[in-house]
Each structure stands twice: as C-alpha cells, then as structure tokens.
Amino acid sequence: GSSDTLTGNTLYAPNGIALALNGSSITVSRTYGFTATPSYSAFYIGSGGLVTVHDSSFENSAGDGGRIERASYVDILRSTMSGAGGGVGLKLQGASSNTVSASRLAAPGGVGLAVSSYLELFDMTTTTGSGIVFRDLIISGSTAVSLGAAPGLELSSSVLTGDAQGAALTFGDAVLVATFTGLTFPSGASVSAEASLLPAGSRVTIRDA
C-alpha cells in the first residue's frame, strides 16, 4: 500500500506472518502480532521503505520475531521484537538507512539482533545494507548482537545481554564499519565480544559515551 496507517490491531497467524509490509509510506502503531512457526517471522518488510513502527510488539514463539530485507528508511520506535526456538529477535538483511530506538529485541536461545547482507538466490547478487542506527535498546539472547557486512553501522546507549553459551556481541566473516558508544554488558555471557572472524578492511570504533 501507499500512505497507509495501521493502528490498534491484534494480528494472529499461527503458521504464517502476522504482518508483512511491501509498500512505502506506511505507519504502524499500537499493533500486536503473534505467530508460532520457524518458517516465517511475525513481522516482515520485504521491500520499499518510509515505514514507521512505534509502540507495537511482534512475537514468534518458534522462530524470528521481525525481519527487514532490502528496505530503506524504516524507523522502529518503542517497540518489541521477540523470537524463540533458536530464532532472532530482529534480523536486518541488506537493509539501509534504518533506525531502531528505545526498543526491546529478544530471542532466548537465539540472537537478539542480527545484521547481514542479503543474497538474491535468483541471480546470486548480494545487497549490503548501510547507514543503520541502533540506540537505546535492550537486547538479549544466547548471543545478544551478531553483525555481518554493514558499512556505516552505529550502536549506542544499549544493554547487550548474552548467556553462558554465547557472546554478548559477535562479528562475522564480513567487512564491517561500525561505531559503538556507551554499551553495557551485564555479567552472564561467556565473553563480551567475539571478533576472531572479523576480516581485514573492517573498522570498529568503541567509545565510552
């Protein structure tokens, strides 16, 4: 759709996506979505952009909570994305110029927040997202945050909680340019950060505040 508003809804799709957005100029507020399948996420943006999601919650009791693929100018504010069953709270793949703030991302036994490039299987092209901002987040999972290819990523003023089997923050085998500011790592994770796979050409800046 175009210039659409969705507000005050409860969406339940036990075997599918509770809310899928593929257009632009869409606002979602006070909306709650639930699913229970490892095959789909509860919340999904597959293309387009100029999407605002605020004061909403999406939960998957068996997979990924939210997924954003190849979309731009998505703003998520004061919302919750939660996954389970080894899934991801929120996954961004090939997404650019997106902001997630003042929100909670969780996936017990999985990854709270994951960022990576997107591989188009039809023609084998890869889209790498850039200009992604995360701030004022509470992120938890076996691994709180997993970062792959992403030039121009910022993560600030957030709490990253991993468990005894994982690291709070992990870096994949992909070039990453990122700035971390004012992060908190509560005790519990096996290590605060795991960067052994980070390749040459990456640039990571860490600041206290």
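Taking every C-alpha pair closer than 8 Å and separated by at least 6 residues, the mean separation divided by the residue count of region 1-100 gives a relative contact order of 22 percent.
Each Cα pair under 8 Å and six or more residues apart adds its sequence gap; the mean of these over the residue count of region 60-194 is a relative contact order of 18 percent. Each of Ser116, Ser24, Leu147 was placed along the dipole of the chain (beta-carbon charges, centred on the mean Cα), and the one lying farthest toward the positive end is Ser24. Ordered from largest to smallest accessible area (heavy atoms of protein chains, 1.4 Å probe), the residues Asp75, Asp173, Asp136, Asp208 come out as Asp208, Asp173, Asp136, Asp75. Only one of (1) 19.0; (2) 18.0; (3) 16.7 was calculated from the structure for Kirkwood radius over Cα pairs in Å, and its label is (3).
The values are calculated or read from the model by the stated rules, or taken from the named source; none is laboratory data. As the structure is a prediction and not an experimental result, all values here were calculated from the model. As a convention, Cβ positions derive from the backbone with ideal geometry for all residues, glycine included, and neighbour counts pool all protein chains shown. To get the accessible areas, we keep the full protein, side chains included, count just its heavy atoms, and leave off ligands, DNA and RNA. Shrake-Rupley method; radii C 1.70, N 1.55, O 1.52, S 1.80 Å.
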